[in-house]
1. Quick check of the Kirkwood formula: for region 101-187, what is the inverse mean of 1/r over all pairs of different Cα atoms, in Å?
2. Can you give the convex hull volume per residue for the Cα atoms of region 42-192, as a whole number of Å³?
3. With an 8 Å cut-off on Cα pairs and a minimum separation of 6 or more residues, tell me the relative contact order of region 251-395 in percent.
4. Would you mind calculating the relative contact order of the chain from Cα pairs under 8 angstrom and at least 6 residues apart, reporting the percent as a whole number?
5. Order 202-209, 106-113 from most to least packed using the mean count of other Cβ atoms within 10 Å.
6. Which lysines, on any chain, are close to residue 399 with Cα under 25 Å apart, when same-chain ones fewer than 8 places away are left out?
7. Over region 104-247, what lengths in whole Å, largest first, do the semi-axes of the equivalent ellipsoid take, defined as the square roots of 5 times the eigenvalues of the alpha-carbon gyration tensor?
8. Report D for region 285-389 in µm² per second (integer): Stokes-Einstein, Kirkwood Rh on Cα pairs, 37 °C, 0.692 mPa s.
Amino acid sequence: MAKSESNTMWGGRFASGQDTLMESLNASIGFDQRLSIQDIRGSISHASMLRETGIISKSDADIIIAGLKKIQLEIESGDFKFSVKLEDIHMNIEARLKELIGEAAGRLHTARSRNDQVTTDTKLWVREQIDELMKTIRLLQQQLIISAESKADWVMPGFTHLQTAQPVTWGHHMMAYVEMFERDYLRFYDARIRLNESPLGAAALAGTSFPIDRQHTSDSLGFDRPTANSLDSVSDRDFALEFLSVASICAMHLSRFCEEIIIWSSAQFGFVSLSDEFSTGSSIMPQKKNPDSAELIRAKVGRIFGSNVALMMVMKGLPLAFNKDMQEDKEQVFDASDNLSISLNVMVKIIQTMQVNREALEEAASSGFSTATDLADWLVRELNLPFRKAHHITGEIVKICELKGCSLSSLTLEDMQNIEPRITKSVFNVLSVQNSVSSRSSLGGTAPEQVIKQVLRWKKILNEEII
Ligand code: ARG
């Protein structure tokens, strides 16, 4: 077998190059080229630190930085040729730098290793994604708040076990998701704080004998501080795992919401109708309008959580410090981030363009004896019955409704008095769904008055953030 030439970056001790199969297994350039901009940013920061500390000459540093900027333009314009032979983004860029500026390019890697380099690049990439995702979560919350405010008093059935439980308001339901997405927002915020320490300068694993200034690179890359332990710095992928687990929880929330939208948009429910832009038709059944957008978002949690599990399994049992296994982190992070991003962005539009059918909501809210708890509460309040007793009496009244095939509010007073003679006609006040929701005005309850309070609180929070 003809032996290829050994690698120009690290091949000094090698007599031959790699088998082509090994090349394919080993190369990450197919995916880590997405780190180009972060890699160049990290290298410029490193070169300027080497210059400030006098580790390399000013003239070498300046041509290195100018060369890196040129490479950035080549990458941005699509003129850069990525090569599998050069394994990864770090070596592709360094090799191009050498073509452009000659031997001085070899000084850039002083006091640095690809191990601290790749962790730095990936952290910078994840940090940018977190910032974008947090912005999109805010957009989604804004849409939900708009919907909640305009439909604060629209009644709908509230479910437990997907069985009609008690009437709630549309506004209340939308605001539930505002709270859920807020926890995702805060989890991203929190993950960003832990991520934001600079590993650059940890070098291969043990630090370096050169008099580097880690504060300099940390500051210029927008990190809060340099990491404190070089072994930990190059072997840590917690930031990626944390990103993936926060992304998984957020995707799970989207999935639950989408499941509701899918149910609500069925002919049997008819609560909502998705806009044409976010639906598809069937190639055989002309009447169909399918909620594909919501179904796909419902599914995304599968791959996003899959990425979380995959990387957790990659990291499990790895000894300190860097191991090549860790190269497997990036595809998971990229895929999860892309899919969460598109899901959130589509969700914003789904909410914005969805039609809500007030009559269908109201009709469903009144069915299924949804005000039975209100009747039991009335018996407790007005007749001073213990709740358990009131619960039992209400159950008997519901049984009569079932026999007669009517709702609680259309039962006669006489029917009710046959079960409990002290019931008066004022009971009918609590049997309407409107009165039911208005009465639930406890803090965080479904009453329109409470929903509006929450809407106003949220608007204030979001406005203050913009200012
Ligand atoms: N391509 C590698 C990665 O993505 C870069 C680090 C390689 N380091 C090494 N010592 N081989 O993780």
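1. 16.9 Å
2. Residue-normalised Cα hull volume stands at 184 Å³.
3. For region 251-395, the relative contact order is 26 percent.
4. After rounding, I find 16 percent.
5. Details: 202-209: 17.6, 106-113: 19.4.
Order by mean packing, descending: 106-113, 202-209.
6. 389, 425
7. The answer is 47, 14, 10 Å, longest axis first.
8. Translational diffusion coefficient: 170 µm²/s.
The values are calculated or read from the model by the stated rules, or taken from the named source; none is laboratory data. Bear in mind that the values here come from a model prediction, so they are computed numbers and not experimental data. Glycine gets a Cβ as well: all are built from the backbone with ideal geometry, and neighbour counts include every protein chain shown. Protein only, heavy atoms only, side chains kept; ligands, DNA and RNA dropped before computing areas. Shrake-Rupley method; radii C 1.70, N 1.55, O 1.52, S 1.80 Å.
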